[in-house]
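**Q** Have a look at this one.
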Amino acid sequence: MEDGQALDTRTLKYLKALVTILTVTMILGFLAIVALFVMRFGEMSRIELPDEIALPEGVRAEAFTRGDDWFAVVTDSDEILIYSRTTGNLRQRVAIASE
């Protein structure tokens with residue numbers, strides 16, 4: 001009987017070590033994910049937005065997006081207005097076809 005108990009004790013110690021290692025690994029992984037989120041959201045605050053956008057008369061903005069050298073405004077009149085990021089001038093108007 002002592003052999004079986006010694007085997008059970010060693011097995012339990014081994015399992016306890018495995019569970020401890022798994023717990024530490026999961027905690028470190030969770031902390032790494034939280035750190036990545038914090039770093040990515042910190043970068044978002046550095047996005048340069050235009051101070052002012054001159055929209056056509058009577059048009060209201062519904063959404064905004066930007067690219068490397070342009071930014072776009074989706075309007076309530078189903079249009080996308082694409083502006084130059086450096087000059088702020090309107091580069092293109094794209095009509096959104098309604099179904």
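The values are calculated or read from the model by the stated rules, or taken from the named source; none is laboratory data. Since we're looking at a predicted model, the values are computed, not measured. In this analysis, Cβ positions are derived from the backbone assuming ideal geometry, glycine residues included, and neighbour counts consider all displayed protein chains. These accessible areas exclude ligands, DNA and RNA; they are computed on the full protein's heavy atoms, side chains included. Shrake-Rupley method; radii C 1.70, N 1.55, O 1.52, S 1.80 Å.
**Q** At 1.4 Å probe radius, can you tell me the per residue accessible area of the chain in Å²?
**A** On the way: 8570 Å² over 99 residues.
Result: 87 Å² per residue.
**Q** Probe radius 1.4 Å, ligands and nucleic acids left out: which of Glu52, Glu79 has the largest accessible area, and how do the rest follow?
**A** Per-residue accessible area, sorted high to low, gives Glu52, Glu79.
**Q** Moving on. Could you state how much accessible area Ser98 has, in square angstrom rounded to the nearest 10, with a 1.4 Å probe and all protein chains kept in place?
**A** 100
**Q** Rank Val73, Leu90, Pro50 by how far each Cα sits towards the positive end of the charge dipole of the chain (+1 on Lys, Arg Cβ; -1 on Asp, Glu Cβ) and give me just the farthest.
**A** Pro50
**Q** Same structure, new question: About its Cα centre, how strong a charge dipole does the chain have in debye, to the nearest 20, once Lys and Arg get +1 and Asp and Glu get -1 at the Cβ?
**A** So the dipole magnitude of the chain works out to roughly 500 debye.
**Q** Continuing with this model, one more query. How much accessible surface does Leu12 have with a 1.4 Å probe, in Å² rounded to 10?
**A** 110
**Q** For Cα pairs less than 8 Å apart in space and 6+ apart in sequence, what is the mean separation divided by the residue count of segment 40-89, i.e. the relative contact order in percent? Could the numbers behind the result be given before it?
**A** Values: 51 pairs, mean separation 12.5, N = 50.
It rounds to 25 percent for segment 40-89.
**Q** Another question, then. For every helix of n ≥ 4 consecutive DSSP H residues, a contribution of -39,500 (n - 2.57) applies; sum these over the chain, divide by its total residues, and give [θ] at 222 nm rounded to the nearest 500 deg cm²/dmol.
**A** When only DSSP H runs of four or more count, the value is -16000 deg cm²/dmol.
**Q** Got a number for carbon plus sulfur as a percent of the chain's accessible area, 1.4 Å probe? Could you put the intermediate results ahead of the total?
**A** Working: 5170 of 8570 Å².
Of the solvent-accessible surface of the chain, carbon and sulfur hold 60 percent.
**Q** Here's a follow-up. Compute the relative contact order of the chain as a whole-number percentage, counting only Cα pairs closer than 8 Å that sit 6 or more residues apart in sequence.
**A** 13
**Q** Shape call for the chain from the C-alpha gyration tensor, a ≥ b ≥ c root eigenvalues: rounded (a/c under 1.5), prolate (a/b greater than b/c) or oblate?
**A** Because a/c hits 1.5 or more and a/b exceeds b/c, the chain counts as prolate.
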